[in-house]
Amino acid sequence: MSKSLQSTLRPDVEDAGTQFIPFNRFCPIGTEFAYVQQAIDQLHVSGDGPFTRKCHRILEELLGVPKVLLTTSCTHALEMAALLLEIQPGDEVIVPSFTFVSTVNAFVLRGARPVFADIRPDTLNLNEALLEQLISPKTKTIIPVHYAGVSCQMEAITGISERHGLTVIEDNAHGLIGRYRGRPLGTFGAMSTLSFHETKNFACGEGGALVINDPRYIDRAEIIREKGTNRSRFFRGQIDKYTWVDVGSSYLPSDILAAILYAQLEARDEVQAARSRIWEYYDVHLKPWASGQGVGLPIVPEGCEHPFHMYYLLMPTLESRQALIAHLKTRNILSVFHYLPLHLSEMGRRFGGRPGDCPVTESVSDRLVRLPFYNSLAEPEQARIIEALRSFQP
């Protein structure tokens with residue numbers, strides 16, 4: 001491990017008893033500043049510059065896919081996917097209720113109606129056993145979300161989609177580096193999306209990517225990403241001028257952000273080694289306490305290789321969850337809950353969501369708490385978190 005990365009991933013903790021432990025912290029590798037300076041010196045700080053192309057190459061090689069396009073966010077990557085599928089008013093899309101609102105919004109913006117699916121009680125992923133009963137003649141796509149980077153049952157999901165002639169778009173915001181039966185997450189659907197938000201394993205503040213597995217979408221994806229113009233073809237010398245040819249928007253991130261992301265992706269093995277250490281330390285040290293208190297821990301089924309994105313607890317009740325968050329706060333430790341059921345939100349109810357539609361989602365949402373998890377979380381800090389948890393009685 002490089003000296004600069006080592007100092008970032010394992011900082012000195014002067015006073016482990018009183019230091020505030022945040023839920024998340026952006027962790028620079030150490031080369032970000034030099035790469036940003038290079039981007040400025042090259043006088044190309046807008047989109048699709050040298051660092052954007054470097055990120056594209058890394059991701060395409062890592063995933064073994066024909067095309068990756070950086071975007072300003074995972075939200076925008078999902079919006080591009082909705083445009084590429086030509087989602088129309090009246091179309092239906094099947095999404096888990098337990099997800100971030102962007103997964104739904106991207107398709108609602110095109111006029112689609114979300115059909116909310118419940119999740120499995122083990123992985124908290126879309127429950128594939130419920131899929132076929134949710135499919136109607138209006139269904140256009142299925143959007144599985146790999147929660148915490150643990151794979152959905154993609155063989156079953158893609159099998160169902162093929163039988164019904166549906167497209168699969170993977171929301172892989174949590175799952176870069178993860179695998180299902182040896183195959184990278186994000187490579188099962190026609191397209192998938194990535195997030196490089198500051199809470200993710202690899203971050204540039206805000207950012208995302210559209211991963212294109214079906215080559216039929218590549219040319220139009222470039223056009224949509226370039227405000228509906230064929231500008232990308234112009235810069236490759238394929239045409240002598242570019243013009244407006246389709247719908248689109250400005251989805252390109254600055255090359256300054258790509259420079260930050262490139263530093264993170266370049267150090268991916270070291271970053272993942274650090275996150276693996278953090279995840280395993282939680283798992284080993286919390287199992288006895290959790291078992292005795294009726295607290296659930298993350299489950300990683302056989303055949304799933306997860307990217308150590310987060311570590312969460314499933315408390316017995318909403319009251320015990322809230323009490324634990326408050327207890328940790330008194331110890332200067334910040335823990336947080338996660339998604340609220342989309343089908344019970346104000347917007348979700350407009351689409352017909354009702355209490356009891358997704359009972360597992362409703363239960364999990366009330367009880368889940370995420371523990372601090374970031375690349376530079378040091379062992380003394382983790383030991384303090386675990387001591388605080390062990391002192392709590394649900």
Seminar exercise, completed: Note on region 348-359: residues touching a residue at least 12 places away in the same chain (Cβ under 8 Å) and surrounded by fewer than 16 Cβ atoms within 10 Å (Cβ to Cβ) are 359
For this session: Please specify each residue of region 190-230 satisfying the condition of being in a loop (DSSP other than H, G, I, E, B), farther than 17 Å from residue 265 by Cβ and acidic (Asp, Glu).
Result: 214
Exercise. Restricting attention to region 81-133, which residues are in a loop (DSSP other than H, G, I, E, B), without any contact (Cβ under 8 Å) to a residue 60 or more places away in the chain and polar (S, T, N, Q)?
Worked result: 88, 125
Problem set entry | Meets criteria (on the phi > 0 side of the Ramachandran plot and touching a helix residue (DSSP H, G or I) at 6+ places or on another chain (Cβ under 7 Å)) for residue 182 | no
For this session: Please enumerate the residues belonging to region 48-74 that are out of contact with any strand residue (DSSP E or B) (no Cβ under 7 Å at 6 or more places or on another chain) and free of Cβ contacts under 8 Å to residues at least 60 places away in the same chain.
Result: 53, 57, 61
For this session: Go through region 365-392 and give me each residue that's among the acidic types (Asp, Glu) and touching a strand residue (DSSP E or B) at 6+ places or on another chain (Cβ under 6 Å).
Result: 381
Problem set entry | Condition check for residue 265: in contact with a helix residue (DSSP H, G or I) (Cβ under 7 Å, 6 or more places away or on another chain) and either among the acidic types (Asp, Glu) or in a helix (DSSP H, G or I) (or both) | yes
For this session: Would you check which residues across region 304-342 are in a loop (DSSP other than H, G, I, E, B) and over 20 Å from the mean Cα position of the chain (by Cα) and list them?
Result: 315, 316, 317, 331, 332, 334
For this session: Out of 21, 40, report the one residue that is of a type in the set (Val, Ile, Thr) and either buried (at least 16 other Cβ atoms within 10 Å of the Cβ) or not assigned by TED's automatic domain parsing to the domain that holds residue 223 (or both).
Result: 21
Exercise. Among the candidates 137, 144, which residue alone is crowded, with 24+ Cβ neighbours inside 10 Å and more than 11 Å from the chain's Cα centre (by Cα)?
Worked result: 144
For this session: Search region 149-176 for residues that are farther than 16 Å from residue 201 by Cβ and pair each with any residue that is aromatic (Phe, Trp, Tyr) and assigned to a loop (DSSP other than H, G, I, E, B) when their beta-carbon atoms are under 8 Å apart and the residues are at least 6 apart or on different chains.
Result: 154/188; 157/188; 158/188; 168/188; 170/188
Problem set entry | Number of the condition not met by residue 145 [criteria: (1) over 22 Å from residue 72 (Cβ atoms); (2) hydrophobic (A, V, I, L, M, F, W, C); (3) in contact (Cβ under 8 Å) with a residue 40 or more places away in the chain] | (1)
For this session: Starting from residues that are under 12 Å from residue 191 (Cβ atoms) and touching a strand residue (DSSP E or B) at 6+ places or on another chain (Cβ under 8 Å), keep the ones in region 75-92 and report whichever is surrounded by the fewest Cβ atoms within 10 Å (Cβ to Cβ).
Result: 85
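The values are calculated or read from the model by the stated rules, or taken from the named source; none is laboratory data. Just so it is clear, the structure is predicted and the values come from calculations on it, not from any experiment. All Cβ positions, even for glycine, are placed from backbone atoms using ideal geometry, and neighbour counts span all protein chains on display.
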